[in-house]
Amino acid sequence: LSVGTVHDHRPDAPSPPEVMVTVFGAPHVDGFPELGRMDTNLVAFLACNGGEATDDQLIDAVWNGRMVERSTVWNRISKARSVLGAHLPAREQGTSRVQLAPTMGTDLDHFANLVRCADDESSDEAIRLLAEALELVEGQPFDAAGYDWAHQQQHHAHACELIESTAIRL
């Protein structure tokens, strides 16, 4: 194959999420540069936490457990929602749970899906999938201040191990 050849993706190959929350390198949300540092941290935590969390979990992670008024948390969520729109739906009345829309996901999850998919493929297809996964890596995972939760909950260690094992496998 020549450089620049466009590869057809198999129908069963994993597709990236509609909105990618990048955690390889300095975390950011692709297509939403106007999200501030705290908003990005909040969205990254939600995305790494299965797409949902309670306000208490957000306080523990994003505010590092500091004393913070619930109104501050919900104002921050509203600010992020004003940027993300339907990707961060309004919470159900009477609940403290915040959820991302299924349209959002992390590059780490997409990376893991590509690697899993490579397990069941021919060598050529596996090489393509593993190379595609490694192209997602922009730098050290969670490479910014304020992401202590990523280290405490082992997201950073998991990401580093997955990158290393994929590179060795490739």
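Worth pointing out:
- For the chain, the C-alpha radius of gyration divided by 2.2 N^0.38 Å, with N the number of residues, is 1.12.
- Spin-label proximity, S71 to segment 18-56 - amide N less than 13 Å from point 7 Å beyond Cα toward beta carbon: none
- Three-way shape label, segment 100-145, alpha-carbon gyration tensor, a/c 1.5: oblate
- For q = 0.12 Å⁻¹, Debye-computed log10 I/I(0) when each Cα of segment 49-115 counts as one equal scatterer: -0.35
- Taken per residue, the accessible surface of the chain reaches 54 Å², heavy atoms only and a 1.4 Å probe.
- For segment 1-153, relative contact order (Cα pairs under 8 Å, six or more residues apart, normalised by length) works out to 34 percent.
- Each peptide in 21-28, 41-48, 140-147 gets a packing score, the mean of other Cβ atoms within 10 Å over its residues, and the list from highest to lowest is 41-48, 21-28, 140-147.
- On the chain, 49 percent of the accessible area sits on carbon and sulfur atoms, based on a 1.4 Å probe.
- Of the peptides 154-163, 101-110, the ranking by mean beta-carbon count within 10 Å, highest at the top, reads 101-110, 154-163.
- Cβ-Cβ distance of A86 and H158, R₀ of 30 Å, FRET efficiency by 1/(1 + (r/R0)^6): the value works out to about 0.55.
- Share, in percent, of DSSP beta bridges within the chain that are antiparallel, nearest 5: 65 percent
- For the set R116, R97, R81, R37, the ranking by accessible area, highest first and with no ligand, DNA or RNA atoms included, is R37, R116, R97, R81 under a 1.4 Å probe.
- Here segment 13-38 and segment 136-160 have alpha carbon centers that stand 14 Å from each other.
The values are calculated or read from the model by the stated rules, or taken from the named source; none is laboratory data. Note that the coordinates shown come from a computational prediction; the quantities given were computed from them, not determined experimentally. Reconstructed Cβ throughout: ideal geometry from the backbone, glycine too, with neighbour counts over all protein chains shown. Accessible surface areas use protein heavy atoms only, side chains included; no ligands, DNA or RNA. Shrake-Rupley method; radii C 1.70, N 1.55, O 1.52, S 1.80 Å.
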